[in-house]
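What follows is a single structure, written as structure tokens, with notes after it.
The values are calculated or read from the model by the stated rules, or taken from the named source; none is laboratory data. What you see is a predicted model, and the numbers here were worked out from it, not measured in a lab. Don't worry about glycine lacking a Cβ; one is built from the backbone with ideal geometry, like all the others, and counts go over all protein chains shown. Each accessible area value is taken on the protein alone, full model and side chains, heavy atoms only, with ligands, DNA and RNA left out. Shrake-Rupley method; radii C 1.70, N 1.55, O 1.52, S 1.80 Å.
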Amino acid sequence: MSKIDEAINEENQQKIISDLCDMIKCRTVSNSDDNLVDWNEFEKFRTLLKERFPTIYSVAEFQKIGKSGIVHKISSGKADSTSDKNHANVLMAHYDVVPVEEKNWDFPPFAGDIENNFIRGRGTLDTKSTLCACMEAVELKLKSGWKPKKDLYLCFSGEEEINGESCSKIVDYFEEKNIQIDFVLDEGGAIVSNPFPGVTQRCAMIGTAEKGSTYMDVVIEGHAGHASAPPKRTAVGIASMVASEIENHSQTAQFTKSVKNLLKTMGKSSQNGAIRFLFSNLFITKPLVKLLSKIIGGELNALLHTTCALTMLEGSQSYNVLPSHAKIGLNLRLLGNDTVEKAKARIERYASKAVKKAGKIGKKTKVSVNVVSYGNPSAESDTNCLQWDNLCNVIHQTWPDILISEYMMMACSDSRHYCRITDKVYRFSGMYLSKEERGMIHGINEKISCQTMIETVYFYMNLVETL
């Protein structure tokens, strides 16, 4: 009998799978427009939690915070008389999911069924699986008589995918109540194979920081009119020149703490002698970065640079009408010491340069850069502390002989809000994911293997035992 089977019997394994299936059936699709959200589905999900985890709800203090935040406090029963603050740990996830185009799926996106030992549907990977695993682990531990060493908060938001306010309001609550958060675990890196050239070990990638996500619009005002007599430069033409100017300027490489430690870890573990020597000593030059970007792909470039992706282009709604304005949508991922203000000033310079190249295009023509939403890079989490060591020990307990590395998350998570109250924020999903499975996140045909789900619960049980 395996350690997992010893810790989680067959009956509980079946419950875990059934619980996740029913969570997937809740169509908790978030949208920045409240009118497009079916809030009944969110309430259905919250009701499901109460039904499936009666032990947690019988001992926890429960409250709803913000529009969709749900918080469960499991008390340690211990008062800390040595401090003016109450100390606590947080396990978090989100239960909203991104929209789907059903016509592209091979099965109903909210099927919540099982085929070939895979649980299928939107949210199986992002992140109802970790939310379910967290709840299952705590439920099982409570039934066995376990109590946390410090107050434990299980905090879930239903607006992560739209950068909603619920998680931020939960952090506000901790601040207002003078609660010191000593450890936070959220979604993030997974266990991956072949993480770097020459590295054959599976590696647990723990996010210790994340890039800032910022959306900007570059708006070029032109002259509306009939397309039969166009001016020398149209608004769309100028927009294309601005787009080209932006794409022709990459930012200077930055070696943040998390990236340095990632490269060192990979360098020491690589069986490629040249890479082992260069990366373990961080002899990294711009030509080397360019070379390795070709070998590894765009991820290395993104780890070392602020990136700017041109994702939207808007002009006229008709072929024979000159648009009064053209708009370029930008998605920037800010790294290190870059900020929203610096990035905006940079885009404004590129836009101004492109307009000058275009020549005189009319007194009424204006180019403006508007920040639609913003987020600066998160702080780097501490990796020289008991919390980091404990997390690594739990990972090794669950998956012996695995390599562990910190890394920079390029996507955003709700956990960034906690960085204003603690430097012990870690982003790790506690499961092995193949490259194909990682590609299903926000993609089509999302699914998770039943075995992976059980392993994730086992990881959380090992973690909870230490908290």
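Laid out as a table, the results:
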item: Portion, in percent, of the accessible area of the chain that falls on carbon or sulfur, probe 1.4 Å; result: 48
item: FRET efficiency estimate (nearest 0.05) - Cβ-Cβ, A224 to R420, R0 60 angstrom; result: 0.85
item: Extension gain, Q271 back to L310 (0.36 nm per residue minus Cα-Cα distance, nm); result: 10.3 nm
item: Subset of K232/K327; K73/K435; K3/K260; K260/K344 violating a 30 Å alpha-carbon distance limit; result: K73/K435; K3/K260
item: Length released on extending from L386 to K435, taking residue separation times 0.36 nm less the Cα-Cα span; result: 14.5 nm
item: Mean Cβ neighbour count within 10 Å, used as a protection proxy, ranking 232-239, 31-38, 265-272 highest first; result: 232-239, 265-272, 31-38
item: Distance in nm between pseudo-label sites at Q317 and D106 (7 Å out along the Cβ direction from Cα); result: 4.0
item: Heavy-atom accessible area per residue - segment 314-406, 1.4 Å, Å²; result: 56
item: Fraction of alpha-carbon pairs over 15 Å apart in segment 92-167 - percent; result: 65
item: Acute angle (nearest 10 degrees) that the helix 235-247 long axis makes with the longest principal axis of the chain, alpha-carbon atoms; result: 50
item: Segment 401-420 versus segment 147-169: alpha-carbon centroid distance in Å; result: 16
item: Within straight-line cross-link reach of K67, aspartates and glutamates at Cα separation under 16 Å, skipping those fewer than 8 residues along the same chain; result: D33, D34, D38, E41, E43, D96, E159, E160, E161, E165, D172, D414
item: Within the chain: Cβ-based charge dipole about Cα centre, in debye rounded to nearest 20 (Lys, Arg +1; Asp, Glu -1); result: 2240
item: Theoretical gain in end-to-end length, T55 to H396 [0.36 nm per residue, Cα-Cα removed]; result: 119.9 nm
item: Per-residue [θ]222 nm for the chain (sum of -39500 (n - 2.57) over DSSP H runs n ≥ 4, rounded to 500); result: -11500 deg cm²/dmol
item: Segment 322-467: Rg to Rh, with Rh as the Kirkwood radius over Cα pairs; result: 1.14
item: Per-pair calculated FRET efficiency, R0 = 35 Å: K356 and T252 via Cβ, rounded to 0.05; result: 0.90
item: Charge-dipole axis of the chain as Lys and Arg at +1 and Asp and Glu at -1 on Cβ define it, positive-most pick from G121, S258, I238; result: I238
item: Under the Karplus curve 6.51 cos²θ - 1.76 cosθ + 1.60, θ = phi - 60°, whole-Hz ³J(HN,Hα) for segment 393-406, x wherever Gly or Pro sits; result: 4, 5, 4, 5, 5, 7, 10, x, 6, 8, 7, 10, 9, 7
item: Positive-end residue, the chain charge dipole about Cα centroid, Cβ charges, pick of V71, S429, S405; result: S405
item: DSSP-defined beta bridges in the chain - what % are antiparallel, rounded to 5; result: 65
item: Cα-centre dipole for segment 313-467 with unit charges at Cβ (Lys and Arg positive, Asp and Glu negative), debye to 20; result: 1860
item: Value of Rg to Rh for the chain (Rh from inverse mean 1/r over Cα pairs, i.e. Kirkwood); result: 1.01
item: Percent of Cα pairs exceeding the 15 Å cut-off, where the set is segment 127-218; result: 76
item: For segment 42-187: accessible area per residue (Å², 1.4 Å); result: 40
item: Debye, to nearest 20: dipole size of segment 141-248, +1 on Lys, Arg Cβ, -1 on Asp, Glu Cβ; result: 540
